[in-house]
Every structure is written in structure tokens, then in C-alpha cells.
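Since the structure comes first, as C-alpha cells, the remarks are kept for the end.
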Amino acid sequence: MERNTTTISREDIARQMDHCHAVAQINAQRPQPPLAFVDTYGCQQNEADSERIRGYLQEMGYGFTQDEEQADVIVINTCAIREHAEQRVLGNLGALVHVKRRHPGQLICLCGCMAQEAHVAQKVKESYRHVDLVFGPQVLWRFPEFIHSLLTARGRVFQTPDLPGSIAEGIPVVRQDKVKAWVSIMYGCNNFCSYCIVPYVRGRERSREPEDILAEVRQLVEEGYKDITLLGQNVNSYGKDLENPMDFADLLSKVNEIPGDFLIRFMTSHPKDATQKLFETMARCEKVAPVLHLPFQAGNDRVLKVMNRRHTREQYLEKIRALKALIPDIVLTSDVIVGFPGETTEEFEDTLKVLEEVRYDALFTFIYSPRVGTPAAKMDDPMPREEKLANFNRLVALQDKISEEKHAAYIGKTVRCLIDGQGDDAEYPFTARTPGNRLVRVKGGTADDVGQFREINIIGANKWSLYGELSEK
């Protein structure tokens with residue numbers, strides 16, 4: 001794969017907007033306004049991509065629905081990180097054949113990381129003939145062109161070129177959330193961890209210009225967004241590829257200088273690129289939330305080396321200690337893979353020791369899932385599934401205990417939280433987030449509180465969430 005990043009010109013985006021307007025004219029002739037359903041799997045980066053797909057669809061004259069039966073266009077934005085997610089997508093994709101049989105004019109589109117995998121695209125082409133469009137992340141900016149082609153010409157469209165990736169500014173955005181927003185600051189990954197498909201499907205790292213990022217954040221703050229997350233596969237390496245290189249910590253400082261009452265979050269971070277400068281910037285910037293998602297994946301150095309993580313257990317722990325020294329109340333989360341090819345139960349014990357020392361607030365835990373095209377998929381994997389599952393259950397049990405203890409420590413405290421939505425519990429009708437992104441189920445309040453910071457008295461907790469009531473102070 002080439003390494004050079006392509007910058008999509010304003011003229012190219014303008015041509016895509018011309019396609020939008022042409023499709024809108026076609027849709028204007030319909031007896032009823034057309035509807036689109038965008039179904040998103042995976043990470044926040046995928047959700048950010050879906051916001052741009054919705055933006056294009058709105059420009060093309062589509063409204064939105066969550067009902068597949070009502071949709072004139074269905075877009076499934078996929079994730080390729082885990083095998084389970086792929087099987088779920090393929091199952092749902094197969095079920096749509098019956099929906100399309102009832103609505104033959106319906107357009108079904110598959111995009112995202114999974115769509116970029118050559119074996120998946122080929123399988124869809126051969127076995128899912130009701131799917132009209134398959135395209136990868138690198139050509140998302142051409143989505144209107146593809147839809148216009150489907151509406152005006154015969155045949156299916158498959159666009160999954162092996163490109164290094166691009167930066168496209170000026171794509172319209174439709175955000176579903178009115179309180180929290182995601183801002184992509186970079187795309188792709190250069191790390192090539194041996195288990196991960198992301199560099200192969202999203203391309204090499206490429207950073208947006210800081211001026212474009214800052215302009216987007218300013219606009220979000222003006223629109224009333226209170227919780228803004230900067231996104232990248234590895235945000236800590238932001239800016240290294242720019243003509244005028246910029247450090248991520250410096251970008252964070254500039255975002256912090258934007259006037260307004262809002263929180264700044266970011267993910268994901270790679271330990272090898274998480275620096276003391278970043279930690280000091282987090283401690284100094286009052287808008288940067290005291291939370292860090294820092295995946296360590298495994299606690300054993302031999303396993304980490306085979307994973308191509310490029311950090312050791314001790315290097316990781318040294319960074320955690322340095323961060324805690326600067327921000328004692330930092331909320332820490334991480335990713336862990338159990339049962340990586342060749343990992344022994346003795347080596348897995350080192351992972352449990354990391355949990356015991358760091359005491360994460362929460363973990364995202366996975367049993368290793370082979371990804372076609374990655375080096376790890378070809379490695380010997382002698383450990384039986386039953387033993388992996390037993391180790392996984394031990395990991396979850398330990399983390400549940402730690403999470404419950406850490407959440408219990410909030411009881412009796414008053415915390416400034418962001419009310420972010422309505423829940424499904426009559427006694428606790430609203431949800432909120434602490435600065436460290438812990439979920440709080442809130443007693444009392446009104447719809448006017450959503451989108452506002454409020455002081456909340458924490459009155460209860462379990463391993464998953466906190467319970468609170470609005471403070472009368």
C-alpha cells in the first residue's frame with residue numbers, strides 16, 4: 001500500500017455535492033419523501049463516518065428512519081475488529097433479502113472496515129446479490145456519486161480500492177446526538193499490531209490540519225455541544241505527517257483555549273506514544289476530562305512482543321504511575337485480549353497483576369479473534385477454547401470487583417456531571433456522565449436539564465454505574 005496521503009480538493013467535494021443535488025431532483029419526483037436507514041457497528045470513528053453519510057443523504061433529499069421496511073436506502077457501516085461483529089453483520093445482511101423482496105426498489109449499501117476486506121467484498125458479490133453498493137472507508141467521500149449511479153444506471157457498484165487514504169474536508173454532517181459530538185482529527189494507523197486489521201482497511205495515518213479541527217470544535221461549541229471527543233486510531237501520533245508537524249498535546253492545548261463550558265475527551269491512545277508532555281497538558285487544561293483510555297492488551301512481555309505492541313509491561317506501568325502522580329483522580333480504562341495465539345495461562349497471570357496494580361475503572365475485554373490478513377491469524381494457537389474462556393472469566397470477575405469498589409467510593413460525594421439523556425428507569429429517569437465518563441442514573445430533574453452540567457449527589461453504585469440525585473445547592 002502506498003503511504004502518500006491524498007487531499008481531496010474542494011472541486012472534488014463540489015462535484016459530489018452536484019451528485020447530491022441531482023439525486024435530490026430525482027427524489028423530488030417521488031410521491032412520498034424518501035427515507036434512509038443508517039445502521040452503525042463498531043467504534044466512534046464509525047459513528048463519525050456515519051454522521052457524514054447522513055449528511056450526504058440529507059443533501060440528497062432523504063429523511064431518516066430506524067425501520068428497514070420504510071427505508072428507500074439502507075446503509076450498513078461495519079466494523080472488522082472482531083469475528084462476532086462480522087458474523088452479526090452478515091446475518092443481518094442476509095435477512096435483508098426478504099425486506100428487499102417486498103421493496104424491490106430499495107438500495108442496500110455495505111460500507112466501513114469490513115467492506116474493505118477483499119474476502120468480504122467477494123463474498124457479498126457472489127452470495128448477497130441483493131446488496132447494491134459496497135465501498136470502503138477511503139472512498140466514503142464519493143458516496144453521492146455511487147448513489148447517483150445506482151439510480152441512473154444498471155448494475156451494482158463495488159468500490160474498495162487499495163488506496164493509502166485521504167483527507168476530505170467539507171462533507172456535510174448530520175449528528176444524532178445534541179449533547180455529545182465526535183471530531184475525527186486523523187485517520188488510519190501505522191502500528192500494525194499483529195492481531196489488528198485496521199491498518200489494512202483504513203490505511204496509513206493521516207492528520208487533518210489543526211485549523212480545520214479547531215474550526216469544527218468552535219462550531220460545535222457555538223451549537224451548544226458540551227462533550228467533545230477527539231478521535232483517531234492513535235491520537236498520540238497526531239500531526240507527525242503534516243507539512244508543519246504538530247504534537248497532539250499542543251492540539252489539545254489549542255482546543256482547550258476555545259471559549260465555552262465544555263469537556264474535551266480523546267481516544268484512542270497508544271502507550272508507546274503517550275508522553276509526559278501529554279500527561280502534563282491533561283493536568284493543566286481545565287476542560288480536558290480526567291480520563292484516559294490506554295490499551296495495554298496483555299501483561300506479559302513475550303506476548304506483547306509477538307503482538308508487536310512496541311512497549312513492555314514496565315514501560316506501560318511507569319507511564320500510569322507518572323499520570324497518577326499528576327492527576328490522582330484520573331479515571332483509567334483499557335483494552336485486554338485474552339488467549340492471544342501462544343499465550344499460556346502462566347503468562348495470562350501477568351495480565352491479572354497489571355489489573356491489580358493499575359485498578360482500572362473499566363475494561364473492554366475480548367477473547368482473541370483471528371482476522372484474515374493479519375500475521376496473528378497464521379500463528380499456532382494451541383490453547384483450548386475452554387481454557388481461554390476460563391481465563392477470560394477470571395479477568396472479568398477481577399475487573400468487576402475492582403469496578404464495584406471504585407464506584408462505591410463515589411457514594412456520598414457531590415460530582416459535577418453532564419446530564420446527557422433520558423433513561424428507561426422510572427425512578428432514575430435521566431442519565432449523566434461524570435468528568436471521568438462514569439455513567440450516572442439520575443433521580444429527579446426535567447427535560448430542560450439534558451445538555452446541562454449539574455451537581456449530583458451520588459447515593460448508590462454497582463459495578464456498571466452510579467446512582468444519584470440532583471443537588472439542591
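The values are calculated or read from the model by the stated rules, or taken from the named source; none is laboratory data. Remember, predicted model here, so these are calculated numbers, not experimental data. Cβ atoms come from the backbone with ideal geometry, glycine included; neighbour counts cover every protein chain shown. Side chains are part of the model used for accessible areas, which takes the heavy atoms of the whole protein and leaves out ligands, DNA and RNA. Shrake-Rupley method; radii C 1.70, N 1.55, O 1.52, S 1.80 Å.
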Exercise for the section: Just give me the residues in segment 177-198 being in a loop (DSSP other than H, G, I, E, B) and out of contact with any strand residue (DSSP E or B) (no Cβ under 9 Å at 6 or more places or on another chain), in sequence order. Expected result: Lys178, Cys189, Asn190, Asn191, Phe192, Ser194, Cys196, Ile197
Exercise for the section: Determine, yes or no, whether Pro172 is at pLDDT 90 or above and not in a strand (DSSP E or B). Expected result: yes
Problem - Filtered residues of segment 240-281 (kept if assigned to a helix (DSSP H, G or I) and open to solvent by 10 Å² or more (accessible area, probe 1.4 Å)) - result: Asp250, Ser253, Lys254, Asn256, Lys272, Asp273, Gln276, Lys277, Glu280
Fill in the blank from the handout: Among residues of segment 172-224 being of a type in the set (A, V, I, L, M) and over 19 Å from the mean Cα position of the chain (by Cα), the residue nearest to Leu304 (Cα to Cα) is Leu214
Practice task
Please find, within segment 428-473, the residue that is most open to solvent (accessible area, probe 1.4 Å) out of those that are in contact (Cβ under 8 Å) with a residue 12 or more places away in the chain and among the polar types (S, T, N, Q).
Solution key: Gln452
Exercise for the section: Kindly state which helices (runs of 4 or more DSSP H) lie completely within segment 289-365 and contain at least 1 residues that are surrounded by fewer than 17 Cβ atoms within 10 Å (Cβ to Cβ), over 19 Å from the mean Cα position of the chain (by Cα) and of a type in the set (Val, Ile, Thr). Expected result: 345-358
Handout entry: Unique match (being part of a helix (DSSP H, G or I) and open to solvent by 30 Å² or more (accessible area, probe 1.4 Å)) among Asp212, Asp162
Key = Asp212
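Yes/no matrix, rows are residues, columns are (1) crowded, with 18+ Cβ neighbours inside 10 Å; (2) within 20 Å of Ala153 (Cβ to Cβ); (3) in contact with a Pro (Cβ under 6 Å, 6 or more places away or on another chain):
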| site | (1), (2), (3) |
| --- | --- |
| Thr7 | no, no, no |
| Arg15 | no, yes, no |
| Val23 | yes, yes, no |
| Pro33 | no, no, no |
| Glu51 | yes, no, no |
Practice task
Quickly run through segment 143-159 and pick out the residues that are open to solvent by less than 30 Å² (accessible area, probe 1.4 Å), over 28 Å from Phe266 (Cα atoms) and under 24 Å from the mean Cα position of the chain (by Cα).
Solution key: Pro144
Exercise for the section: Go through segment 62-72 and count every residue that is in contact with a helix residue (DSSP H, G or I) (Cβ under 8 Å, 6 or more places away or on another chain) and either assigned to a strand (DSSP E or B) or exposed (fewer than 15 other Cβ atoms within 10 Å of the Cβ) (or both). Expected result: 2
Practice task
Go over the candidates Glu83, Glu59, Glu51 one by one and state the one that is out of contact with any helix residue (DSSP H, G or I) (no Cβ under 8 Å at 6 or more places or on another chain) and closer than 27 Å to Ser9 by Cβ.
Solution key: Glu51
Fill in the blank from the handout: By residue number, the members of segment 389-427 that are touching a residue at least 24 places away in the same chain (Cβ under 8 Å), under 19 Å from Asp329 (Cα atoms), open to solvent by less than 80 Å² (accessible area, probe 1.4 Å) and of a type in the set (A, V, I, L, M) are Ile402, Ala408, Val415, Leu418
Exercise for the section: Take Asp250 and decide whether it is among the acidic types (Asp, Glu), under 30 Å from Gly339 (Cα atoms) and at pLDDT 95 or above. Expected result: no
Handout entry: Qualifying helices (runs of 4 or more DSSP H) (wholly inside segment 73-152; at least 2 residues being out of contact with any strand residue (DSSP E or B) (no Cβ under 7 Å at 6 or more places or on another chain) and touching a residue at least 40 places away in the same chain (Cβ under 8 Å))
Key = 83-102, 118-127, 143-152
Exercise for the section: With respect to Ile402, determine if the residue is in contact with a Phe, Trp or Tyr (Cβ under 9 Å, 6 or more places away or on another chain), in a helix (DSSP H, G or I) and closer than 26 Å to Phe266 by Cβ. Expected result: yes
Completion exercise
When Glu47 is run through (1) open to solvent by less than 50 Å² (accessible area, probe 1.4 Å); (2) without any contact (Cβ under 8 Å) to a residue 60 or more places away in the chain; (3) not in a strand (DSSP E or B), the failure sits at (2)
